[in-house]
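Worksheet for the structure shown next.
The values are calculated or read from the model by the stated rules, or taken from the named source; none is laboratory data. Predicted model, so just to flag it, every value in this text is computed and none were measured. Positions of Cβ are backbone-derived with ideal geometry, glycine not excepted, and every protein chain shown enters the neighbour counts.
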Ligand code: DOR
Ligand code: ZN
C-alpha cells in the first residue's frame, strides 16, 4: 500500500509521551505511526526534523460571526486564523445574525461554513427561553451541542430564567448532547453596571467591577445543581476565577458530567493590564486580578479544568477603542495565538508538551464524543496535525494575523513555539506559515462523527413534560405570562 504522505524525523506528542516516530497518512486518515523503516512507500514525504507533531487543537469556543458581522470575521478568515494557529477543529457559537436557534437557520449556517471553512467545525445550537421547543430540529440538523447564555454578552441574547433553564436541561439531557454555559448571572452584573454608570464610572476597570467573581461562582453553582438534578451534560465556558473552581470540583466529585475550559487571557493577562490596553482588554467574563492565574493553571494540571479554548471574539478597531468602556464591544481574537502562547509556557517549564496536548486536543475530543477520530495520533484517526517548532520565536503583530479583527491585547507579546504546518484530514491547509490555496471549503462538520455516551437522565418522573403530559403553551404565550 502506498501512503499519501509520510512524515519523518519528527517527535510525536500524545497526552502521555513524546517520542521520535514517523507518521503515515492515507485517505484523510493516519495509517501508521512507528519506526521510519516500518513506513509504507509514499507519494510524498515531509522532513519534520526539529518539529513536534501534535494532534491539531480542537477549540470548542469560537465566534466566527458568519452570518451577520462580515466586518468582524467570516468563516474564511476565521478558519484561516485557525489554520495558522494549529487548530484543526472549531466549534462555533450561535450568537450570529440570525442566532442559530432553529433548523432552518442552522442549515443556512452549515451551508456557509461548508463553503468557506479551511478546517473542520461543529456548530452550536442556541438554547434560550424561546428555543426549547426547537431542540429536536436542531438535533436533526446536526449541532455539536448547545449554548445557553446565563448572562448577557455580545449579541445581547436574553438569558433564560432559572425555570426555563431547568426545562431546557431536562429536554437536552434526553439527547445526551452537552450544553455549554456562559456562566455569569445576568441580574447581578446588570444591576452593578447600572449603579456604576450612575456613579460616573466609565473607565476600563469599571467593567471588572461590574462582574466580580461572584457573578461567575453563582452561575457555575446553579448550573451544576440543575445538571445534577436532570442528568444533563454541561460544559463551563471561559473559567476566569479561582473561586469558580470550588463548585466545579464539588460537582465533579458528586458525579456530575461537567467539564470546564479556560482561555489564555485568564492565564496570561490580569487586572494589571487594563491601563495598558484600555478597552481592547474588555471581554466577558473579565480578565481578573493576577492571583487567579496560578489556581487556574493548577486546576488544569489536576484535571478540574479539562481544556483550553479561546473564546475567539473578533471586533473591529473602531469597536474596541471607544472611550466609554460600556460602549466597547467585548472580546478579542485568540484562535491563532492560543497555541503559541501555550507553547511559550511549555518552553518556560510551566507544563509539559503532553499536558498541552491533553488540554488542547485529547480532552476536547473525548468530552465532545469525537475521540479517537479526532484528538489522537494513532492508526484510524483523522490525520489532523499541527507540526510545531518549539524553538521558533515570534512577536505577535495584530496587523499580520489572519483574523479580520486587527486588534487584541496579544499585540507585541513575544512567544516561543509556533505551528509551522497544519494538516486537516491529510491535507495541508497551512504550510511554512502560508495558507495553502484551494483549501477553502475543505472543512467539514464533525457532528456526523460525534458519538456521545448514552444519556443518563435523572428525575425523569419530575420533568416538565412528565408532570404536564407534554402540553406546553407556545413560547410566545409563555413569555407574555
Ligand atoms: O467577550 C465576549 N465576547 N464574551 C462572550 O461570551 C461573547 C463574545 C462575543 O461574541 O463577542
Ligand atoms: Zn464566547
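In region 145-163, the residues that are farther than 15 Å from residue 311 by Cα and free of Cβ contacts under 8 Å to residues at least 24 places away in the same chain reach residues that are within 14 Å of ligand 2 (Cβ to nearest atom) and in a loop (DSSP other than H, G, I, E, B) with C-beta atoms within less than 9 angstrom, at least six apart or across chains, in these pairs: 156/95. Close Cβ contacts (under 6 Å, 6 or more residues apart or on different chains) running from residues in region 176-193 that are over 30 Å from residue 451 (Cα atoms) to residues that are not in a loop (DSSP other than H, G, I, E, B) comprise 185/215; 185/218; 185/219; 188/215; 189/210; 189/215; 192/210; 193/210.
Per-residue answers, yes or no, for (1) more than 16 Å from ligand 2 (Cβ to nearest atom); (2) over 19 Å from residue 419 (Cα atoms); (3) modelled with pLDDT under 95:
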| position | (1), (2), (3) |
| --- | --- |
| 36 | yes, yes, no |
| 40 | yes, yes, no |
| 45 | yes, no, no |
| 50 | yes, no, no |
| 57 | yes, no, no |
| 68 | no, yes, no |
| 71 | yes, yes, no |
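Put simply, of 377, 407 the only residue that is touching a residue at least 12 places away in the same chain (Cβ under 8 Å), touching a helix residue (DSSP H, G or I) at 6+ places or on another chain (Cβ under 6 Å) and either within 16 Å of ligand 1 (Cβ to nearest atom) or within 26 Å of residue 25 (Cβ to Cβ) (or both) is 407. Just one residue in the set 299, 313, 348, 271 is surrounded by fewer than 23 Cβ atoms within 10 Å (Cβ to Cβ) and closer than 23 Å to residue 419 by Cβ; that residue is 348. Scoring residue 152 on the criteria (1) more than 29 Å from residue 55 (Cα to Cα); (2) surrounded by fewer than 19 Cβ atoms within 10 Å (Cβ to Cβ); (3) away from ligand 2 (no atom under 14 Å from the Cβ) leaves a single failure, condition (3).
Counted as qualifying within region 243-352 are the helices (runs of 4 or more DSSP H) with 1 or more residues that are over 27 Å from residue 388 (Cα atoms), namely 245-253, 274-277, 293-301, 317-320. I'd like to know if region 292-309 contains one or more residues that are over 20 Å from residue 15 (Cβ atoms) and within 15 Å of ligand 1 (Cβ to nearest atom). So far as region 292-309 goes, no, none of its residues is over 20 Å from residue 15 (Cβ atoms) and within 15 Å of ligand 1 (Cβ to nearest atom). Considered as a group, the residues in region 282-294 that are crowded, with 17+ Cβ neighbours inside 10 Å and away from ligand 2 (no atom under 16 Å from the Cβ) include one that is farthest from residue 358 (Cα to Cα), and that residue is 288.
For beta carbons closer than 6 Å, sequence separation of 6+ or different chains, a first residue in region 51-67 that is closer than 30 Å to residue 99 by Cβ and free of Cβ contacts under 8 Å to residues at least 60 places away in the same chain and a second that is within 15 Å of ligand 2 (Cβ to nearest atom) and in a loop (DSSP other than H, G, I, E, B), the qualifying pairs are 67/96. All told, residue 240 falls short of being assigned to a loop (DSSP other than H, G, I, E, B), within 16 Å of ligand 1 (Cβ to nearest atom), in contact with a helix residue (DSSP H, G or I) (Cβ under 6 Å, 6 or more places away or on another chain) and more than 19 Å from residue 261 (Cβ to Cβ). One residue stands out among those in region 434-455 that are loosely packed, with under 13 Cβ neighbours inside 10 Å and in contact (Cβ under 8 Å) with a residue 24 or more places away in the chain: the one that is farthest from residue 89 (Cα to Cα), which is 454. Selection of region 66-91 for residues being more than 24 Å from residue 367 (Cβ to Cβ) and touching a strand residue (DSSP E or B) at 6+ places or on another chain (Cβ under 9 Å) yields 66, 73, 75, 80, 84. Residue 265 falls short on exactly one of the conditions (1) touching a helix residue (DSSP H, G or I) at 6+ places or on another chain (Cβ under 6 Å); (2) surrounded by 23 or more Cβ atoms within 10 Å (Cβ to Cβ); (3) under 18 Å from residue 213 (Cα atoms), and that condition is (1).
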